[in-house]
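> Take this structure first; my questions come after.
The values are calculated or read from the model by the stated rules, or taken from the named source; none is laboratory data. As the structure is a prediction and not an experimental result, all values here were calculated from the model. All Cβ positions, even for glycine, are placed from backbone atoms using ideal geometry, and neighbour counts span all protein chains on display.
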Amino acid sequence: MLYEACFDVLPKFMFVPGEGLAGKQPPGTAAAYMTPDKSRIACFQFGCCLVRLAGAEGSVLNVLIDTGLGCTDVPGYIPANAALRPLVDTLRTAGVEPAAVHMVVHTHLHGDHVGWNVRPAADNVPAVGDAPEVPTFPNATHWVHANEWLYAQHEGCPWAELTRQKFGPLQAAGMLQLFEGEGGAIDPARAPQLSFVFAPGHTPGHIAVCVTPDGEAAPRAVYVGDALHVRCAHTARAACATCTACAACAACTAHSASPTA
């Protein structure tokens, strides 16, 4: 796991983005689930996951699951004075340069999961106005479930504009790939150990990512993303009344009401 930030938060922060921040802790600080007084969730963390898979002829395939907060357009619910640990710095500490990331798999498209898709064109120079941004991981194909992508193109999607910003340079470079279905391999030719399970609810096209070592029948690890961070329970899937791309239940409007986390 690669953490960019963590905070002590009131439990309502889970369901009312922007509320409940109650103290900050440095990224990586160890803590129990709750603070000693049991009033807050301790070290509510933001980050993503690096998976290193065995590739052909002894090579290593570096797969990033989600891309965290980013260095521009950091979500508004992160305090301005927050102590952040940039993802690219953490990757380098782990011995992985951004250019050495081969795949990025997005569990969903909320801002704290797509932030490092792009960066300002020059390192250490903040974006100003319409300054161009470039892919942070120039050799990585970015994979997104088709339902999630289609919902983000819908005019009613709260993160539609952010999706354009974070994926525009990737599309222009031919670095975006969509996949469909309820589950299965994401890129069977390149990463047969990596598969997904469709897990809508937090967003219409949310997925969980499974890692199954060569020769094993069951996953050794499952990255659930925000699948457990859901404001309503889905009992059936049907076309959403406002968006034919949405595979969640028709009665649920939580997708539009919860653009964060």
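> So which residues in the stretch 141-180 are of a type in the set (Asp, Glu) and either touching an Asp or Glu at 6+ places or on another chain (Cβ under 9 Å) or surrounded by fewer than 22 Cβ atoms within 10 Å (Cβ to Cβ) (or both), if there are any at all? Even if it seems obvious, please write down each step before you answer.
Here is the first cut: in the stretch 141-180, the residues of a type in the set (Asp, Glu) are 148, 155, 161, 180.
Across the stretch 141-180, the qualifying residues are GLU155, GLU161, GLU180.
> Of all residues in the stretch 211-228, which are at positive phi and either charged (D, E, K, R) or exposed (fewer than 11 other Cβ atoms within 10 Å of the Cβ) (or both)? Walk me through it before giving the result.
Step one: list which residues in the stretch 211-228 are at positive phi, which gives 215, 225.
Result: GLY215, single match.
> If we keep just the residues of the stretch 181-196 that are of a type in the set (A, V, I, L, M) and either in contact (Cβ under 8 Å) with a residue 24 or more places away in the chain or in a strand (DSSP E or B) (or both), which is surrounded by the most Cβ atoms within 10 Å (Cβ to Cβ)? Don't jump to the end; show me each part of the working.
Going residue by residue through the stretch 181-196, those that are of a type in the set (A, V, I, L, M) are 185-186, 189, 191, 194.
Those left that are additionally either in contact (Cβ under 8 Å) with a residue 24 or more places away in the chain or in a strand (DSSP E or B) (or both): 185-186, 191, 194.
Working: ALA185: 17, ILE186: 21, ALA191: 21, LEU194: 23.
Applying the filter and picking the extreme gives LEU194.
> Of everything in the stretch 115-130 that's in contact with an Asp or Glu (Cβ under 7 Å, 6 or more places away or on another chain) and part of a loop (DSSP other than H, G, I, E, B), which residue is modelled with the highest pLDDT?
Checking each candidate, the answer is ALA121.
> Among (1) at pLDDT 65 or above; (2) among the basic types (Lys, Arg); (3) surrounded by fewer than 20 Cβ atoms within 10 Å (Cβ to Cβ), which single condition is ARG40 missing?
All conditions pass for ARG40, except number (3).
> Here's a check for you: in the stretch 144-165, which residue that is hydrophobic (A, V, I, L, M, F, W, C) and not in a helix (DSSP H, G or I) is nearest to the chain's Cα centre (by Cα)? Even if it seems obvious, please write down each step before you answer.
The initial filter retains those residues of the stretch 144-165 that are hydrophobic (A, V, I, L, M, F, W, C), namely 144, 146, 149-150, 152, 157, 159-160, 162.
Checking which are not in a helix (DSSP H, G or I) leaves us with 144, 157, 159.
Numbers: VAL144: 10, CYS157: 17, TRP159: 13 Å.
Result: VAL144.
> Within the stretch 197-225, can you find the residues that are more than 15 Å from the chain's Cα centre (by Cα), assigned to a loop (DSSP other than H, G, I, E, B) and at pLDDT 90 or above?
Hit for the stretch 197-225 is THR212, nothing else.
> Given the stretch 38-109, what strands (runs of 3 or more DSSP E) lie entirely inside it while holding 2 or more residues that are of a type in the set (Gly, Ala, Ser) and either in contact with a Phe, Trp or Tyr (Cβ under 7 Å, 6 or more places away or on another chain) or in contact (Cβ under 8 Å) with a residue 60 or more places away in the chain (or both)? Outline the logic, then answer.
Working: elements: 41-54, 60-65, 103-105.
Because the criterion is at least 2 residues that are of a type in the set (Gly, Ala, Ser) and either in contact with a Phe, Trp or Tyr (Cβ under 7 Å, 6 or more places away or on another chain) or in contact (Cβ under 8 Å) with a residue 60 or more places away in the chain (or both), the strands (runs of 3 or more DSSP E) in the stretch 38-109 that meet it are 41-54.
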